[in-house]
Amino acid sequence: MLSPEVLEYATRSVLCWLATSDEAGQPNVSPKEIFAVFDSTHIVIANIASPKSVRNVLVNPRVCVSFVDVFVQKGFKVIGTARNVSRSANDFPLWSAPLEAKAGPRFPIHSVLVVQAAAVEPILAPSYRLYPGEVTEQSQVAAAMQNYGVMPRSDASEKTAMNPMHSTGPSQ
């Protein structure tokens, strides 16, 4: 279900967005920086500062996780159920391993939200559908870089080399 293509987009995404809802059905969407595709059916998300997401999962396990490459403007939405695995649970080390590698000692992981995928749907910017003969991934990247004021990676690397105080590395 979580194909190599889904894994690729998850890896390229800086954040995922976790949608949950409380006992009254009130939705909540929250960005999560430390997450990983665990295997072909599970995504793991670190609970670093997510008490509302955890509370919601405890009363309503139905969730949606999305991640998008903001430059290509493509990604995936994963619909499924989540459970909260506390630090004291026997299987915590198993689920937390890929997250601990990303978080390092700076961000303590209080628990892990383990999402079991039930369905996966692509996310695609409307311009791909509206202008299929014109829009390419390369044109989307160029437009996004211009809109966001981002330098191509080679320029950013040179700037970092010239100014060691400027860091362009990933946030996790």
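Going through (1) under 22 Å from residue 8 (Cα atoms); (2) free of Cβ contacts under 8 Å to residues at least 60 places away in the same chain; (3) assigned to a strand (DSSP E or B) one by one, residue 120 falls short only on (2). Of all the numbered requirements in (1) closer than 26 Å to residue 147 by Cβ; (2) buried (at least 20 other Cβ atoms within 10 Å of the Cβ), residue 72 misses one, and that requirement is (2).
Matching residues to (1) polar (S, T, N, Q); (2) modelled with pLDDT of 90 or more; (3) exposed (fewer than 10 other Cβ atoms within 10 Å of the Cβ):
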residue: 112; (1), (2), (3): no, yes, no
residue: 120; (1), (2), (3): no, yes, no
residue: 154; (1), (2), (3): yes, no, yes
residue: 165; (1), (2), (3): no, no, yes
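Answer with yes or no whether residue 80 is under 18 Å from residue 119 (Cα atoms), surrounded by 16 or more Cβ atoms within 10 Å (Cβ to Cβ) and touching a helix residue (DSSP H, G or I) at 6+ places or on another chain (Cβ under 7 Å). Criteria not met by residue 80.
Are any of the residues in region 34-48 out of contact with any Asp or Glu (no Cβ under 6 Å at 6 or more places or on another chain), assigned to a strand (DSSP E or B), of a type in the set (Asp, Glu) and assigned by TED's automatic domain parsing to the domain that holds residue 110? Within region 34-48, none of the residues are out of contact with any Asp or Glu (no Cβ under 6 Å at 6 or more places or on another chain), assigned to a strand (DSSP E or B), of a type in the set (Asp, Glu) and assigned by TED's automatic domain parsing to the domain that holds residue 110. Selection of region 72-81 for residues being touching a Phe, Trp or Tyr at 6+ places or on another chain (Cβ under 8 Å) and either at pLDDT below 95 or not small (Gly, Ala, Ser) (or both) yields 73, 74, 76.
Do we find that residue 6 is touching a residue at least 24 places away in the same chain (Cβ under 8 Å) and buried (at least 20 other Cβ atoms within 10 Å of the Cβ) in this structure? When the stated conditions are applied, residue 6 passes them. Residue count for region 63-92 under the criterion of being of a type in the set (A, V, I, L, M, F, W, C) and either in a strand (DSSP E or B) or not assigned by TED's automatic domain parsing to the domain that holds residue 34 (or both): the result is 10.
If we scan region 7-15, do we find a residue that is assigned to a loop (DSSP other than H, G, I, E, B) and out of contact with any Asp or Glu (no Cβ under 8 Å at 6 or more places or on another chain)? Within region 7-15, not a single residue is assigned to a loop (DSSP other than H, G, I, E, B) and out of contact with any Asp or Glu (no Cβ under 8 Å at 6 or more places or on another chain).
Taking every residue in region 82-98 that is of a type in the set (Val, Ile, Thr) and modelled with pLDDT of 95 or more and pairing it with any residue that is exposed (fewer than 14 other Cβ atoms within 10 Å of the Cβ) and outside any helix (DSSP H, G or I), at least 6 positions away or on another chain, the pairs with Cβ-Cβ distances below 7 Å are 85/91.
The values are calculated or read from the model by the stated rules, or taken from the named source; none is laboratory data. Everything numeric in this text was worked out from a predicted model, so none of it was measured. Using ideal geometry, Cβ is built from the backbone for each residue, glycine included, and neighbour counts are taken over all protein chains shown.
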